[in-house]
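Quick one: structure below, then a few questions.
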Amino acid sequence: MIVRYPEFSLDPELSLGWLMPRHVDWLTASGVPMTAILRPEPIRLCHGFRAADARLEIDVNGPLWFAFIEPEDIVFWEPRTGALATWNGRAFALGESMIDNASTYSFDFALNVFASPLDWLRAERDGIVVVNWERAFDYLRDCPRVAVDKALRPLYLRQMKPPRLPEIFIRSERKEAAR
């Protein structure tokens with residue numbers, strides 16, 4: 001069962017900065033269109049460190065992370081290392097709303113699963129970037145079509161199995177009671 005949380009509001013203690021011209025220049029030089037930088041929510045900035053639980057700990061002395069506001073969480077991406085983190089651990093992927101969007105699959109299109117946030121941004125956020133692969137099966141099993149980056153294929157196939165199956169018992173046939 002997938003648990004959907006109501007939309008959350010940004011924590012007042014979490015101060016997300018705005019992109020500076022050098023960040024916009026780097027993104028556009030990397031092939032990211034301006035529409036992907038600004039929509040559906042503008043990319044924001046934050047400094048911090050990724051904790052052991054894959055959540056971001058805010059620290060002004062930490063490296064720079066790009067922040068993507070998702071309906072239930074914030075996903076952070078550190079471009080130098082490719083590391084991903086979340087704010088509250090609810091997000092399964094960047095672009096999660098694409099999974100349930102009917103237009104994603106119309107005209108025989110598929111849900112695009114990208115290997116990196118940069119590839120996702122270059123494609124104008126048309127798909128998802130999985131943050132937590134342990135939850136992939138639960139979120140993606142009902143998708144009619146999925147297009148996965150070649151580099152992700154082995155990981156995708158390994159993760160697209162139920163996390164657990166019920167234990168199976170073989171029932172024996174019962175004989176009619178003698179009258």
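What does the accessible area per residue of the chain come to in Å², with a 1.4 Å probe and no ligands, DNA or RNA counted?
Heavy-atom accessible area per residue stands at 66 Å².
Still on this structure, I have one more. Taking only DSSP H segments of four or more residues, each worth -39500 (n - 2.57), what value at 222 nm results for the chain once the sum is divided by all its residues, to the nearest 500 deg cm²/dmol?
The helix-only estimate for the chain comes to -4500 deg cm²/dmol at 222 nm.
Is region 72-117 rounded, prolate or oblate when judged by the Cα gyration tensor, a ≥ b ≥ c being the square roots of its eigenvalues, rounded requiring a/c under 1.5 and prolate requiring a/b larger than b/c?
Since a/c reaches 1.5 but b/c is at least a/b, the shape of region 72-117 is classed as oblate.
At a 1.4 Å probe, what is the % contribution of carbon and sulfur to the accessible area of the chain?
53
For the chain, what is the per residue volume of the convex hull drawn over the alpha-carbon atoms, in cubic angstrom?
Spelled out: Cα convex hull of the chain, divided by residues, is 191 Å³.
The values are calculated or read from the model by the stated rules, or taken from the named source; none is laboratory data. For clarity, every value in this text was computed on a predicted model and none was experimentally measured. Note: areas computed on protein heavy atoms with side chains; ligands, DNA, RNA excluded. Shrake-Rupley method; radii C 1.70, N 1.55, O 1.52, S 1.80 Å.
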